[in-house]
Amino acid sequence: MSKTIDYFLQYVKIDTQSDETTGTSPSTAKQHDLAKLLAEQLKDIGATEITYDREHCYVYATVPASEGCEDAPVLGLIAHMDTSPAVSNENTKPRIVENYDGGDIVLNQAENIVFKRADFPEMAEYVGHDLIVTDGTTLLGGDDKCGIAEIMAASEYLLQHPEIKHGKLRIGFTPDEEIGEGTKHFDVELFGADFAYTVDGGGFGGLQAETFNAAGAKLTVNGRSVHPGGAKGRMVNSMLVAFEFQSLLPVFDNPMYTEGREGFFHLDNIHGTVDRTVSDYIIRDHDRKLFEHRKEVFRQCADFLNQKYGEGTVEVEMKDSYYNMWEMLEPHMHLIDNASEAIRELGGEPVVSPIRGGTDGARLSFQGLPCPNLCNGAGNGHSRFEFASVQYMEKVTELLLKLAEKYAAFRQM
């Protein structure tokens, strides 16, 4: 078994689930369990300039430039340590399904948990692969422990093979990416890279340089609770007003009906009583003008209900989360071109597509570190049906080695 897979099987057994409710950085102390291990392993393989941020749970390290390549650009490789709050990461039990035949996979016979091919038609691409799955009671953690394992294996290989020409590489492992705080305390200056890639998504060949523009909105509806027997003309049921608000939004501008670069309003959470209801929304669009328009529509719906039920009935708190990194990456198309070329050299076909989600690279690009996203060989993230392809993970490790070589001789015009 390759070092990439050895590392990966170690990492997925460590629970690193983040939690957006704690208000701390990192959001969960258990992310330090993986951070400490990674810092130790980086030291063991011969990496230098290792920094373990014991307060905020970031790990940085260097693979020094090979002889004669000291003046090459510094290339960063980044992956996140946390796993999604959507599904438990506790007591993950990985196993390898060898030579996948394209059918259903029984993950857990005792609990009748079956990975059904009919639910995931994209699995046709993985026939013949060795797939790493769980017992169906937890997610796997391929998002993004695949990326960590691939970066670690590539770093170790370069340190063991000084004959491979490459510039200085900076390695970065972050916490809390899944709750949108992966770069909250990321030290771009200390990291010191000229360009970087996050290694965080999808089958081999995937390459993303666009994200949504993103905002979060909290909608609070203040109702009036009175006894139902005497409620006529007096009660304002905040839950029903919240439902009415949702009905005012465009019906098909919803994640269930959108794809590609189509934006949406997404009701992510709602809880309430007659007296008070709070709804959490996310607002997304790849186009900046349409994004601003969506935020205005959201506010207009609230204004309408305040006119109908009285000022102060509906309150909106809205905050931008990140912006489409394309505007920061467009001047650095070599990042896309070099990755595409390396993918082809490894027998793949680059698939450049927009991300319908977030990435540490979006915020980092706006902090002055151009940072598109590379594939990591995993699929079905945030799910107990998550899987990773052994073959694709090994290919991604090779891809990182190719990129290190390409940037050894790179000179930006």
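The values are calculated or read from the model by the stated rules, or taken from the named source; none is laboratory data. Predicted model, so just to flag it, every value in this text is computed and none were measured. Positions of Cβ are backbone-derived with ideal geometry, glycine not excepted, and every protein chain shown enters the neighbour counts.
In the list ASN91, ASN99, which residue meets the criterion of being on the phi > 0 side of the Ramachandran plot, within 26 Å of the chain's Cα centre (by Cα) and part of a loop (DSSP other than H, G, I, E, B)? Walk me through it before giving the result.
Working: ASN99 fails: within 26 Å of the chain's Cα centre (by Cα).
Exactly one of ASN91, ASN99 is on the phi > 0 side of the Ramachandran plot, within 26 Å of the chain's Cα centre (by Cα) and part of a loop (DSSP other than H, G, I, E, B), namely ASN91.
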- Considering ASN112, ASN99, ASN89, which residue is surrounded by 13 or more Cβ atoms within 10 Å (Cβ to Cβ) and either in the same structural domain as PRO162 (by TED's automatic domain parsing) or within 19 Å of HIS382 (Cβ to Cβ) (or both)? ASN89
- Task: Inspect all residues belonging to region 225-244 and state whether any of them is under 25 Å from GLU20 (Cα atoms) and of a type in the set (Lys, Arg).
- Result: no
- Quick one: would you say ASP33 is of a type in the set (Asp, Glu), under 21 Å from the mean Cα position of the chain (by Cα) and surrounded by 22 or more Cβ atoms within 10 Å (Cβ to Cβ)? no
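Working carefully through the options GLU40, GLU49, find the one that is acidic (Asp, Glu), touching a strand residue (DSSP E or B) at 6+ places or on another chain (Cβ under 8 Å) and either without any contact (Cβ under 8 Å) to a residue 12 or more places away in the chain or assigned to a strand (DSSP E or B) (or both).
Working: GLU40 fails: touching a strand residue (DSSP E or B) at 6+ places or on another chain (Cβ under 8 Å).
Within the list GLU40, GLU49, the selection yields GLU49.
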- Of these, PHE212, PHE204, which one is modelled with pLDDT under 95, more than 20 Å from LYS36 (Cα to Cα) and either under 13 Å from the mean Cα position of the chain (by Cα) or surrounded by 22 or more Cβ atoms within 10 Å (Cβ to Cβ) (or both)? PHE212
- Criterion: modelled with pLDDT of 95 or more and touching a Ser or Thr at 6+ places or on another chain (Cβ under 8 Å) - qualifying residue of ALA196, ALA154, ALA217: ALA154
- Task: Would you confirm whether any residue within region 231-251 is assigned to a strand (DSSP E or B) and of a type outside the set (Phe, Trp, Tyr)?
- Result: yes
- Hey, does region 189-199 have a residue that's over 30 Å from LEU346 (Cα atoms) and outside any strand (DSSP E or B)? yes
- Item | Hey, CYS371 at pLDDT 95 or above, buried (at least 19 other Cβ atoms within 10 Å of the Cβ), touching a Leu at 6+ places or on another chain (Cβ under 8 Å) and within 21 Å of GLU181 (Cβ to Cβ) or not | yes
- Query: Within region 259-278, can one find any residue that is of a type in the set (A, V, I, L, M), surrounded by 15 or more Cβ atoms within 10 Å (Cβ to Cβ) and touching a residue at least 60 places away in the same chain (Cβ under 8 Å)?
  - Reply: yes
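Quick one: which residue in LEU403, LEU329 is outside any loop (DSSP other than H, G, I, E, B), in contact with a helix residue (DSSP H, G or I) (Cβ under 8 Å, 6 or more places away or on another chain), surrounded by 19 or more Cβ atoms within 10 Å (Cβ to Cβ) and at pLDDT 95 or above?
Just a single option satisfies the conditions, and that option is LEU403.
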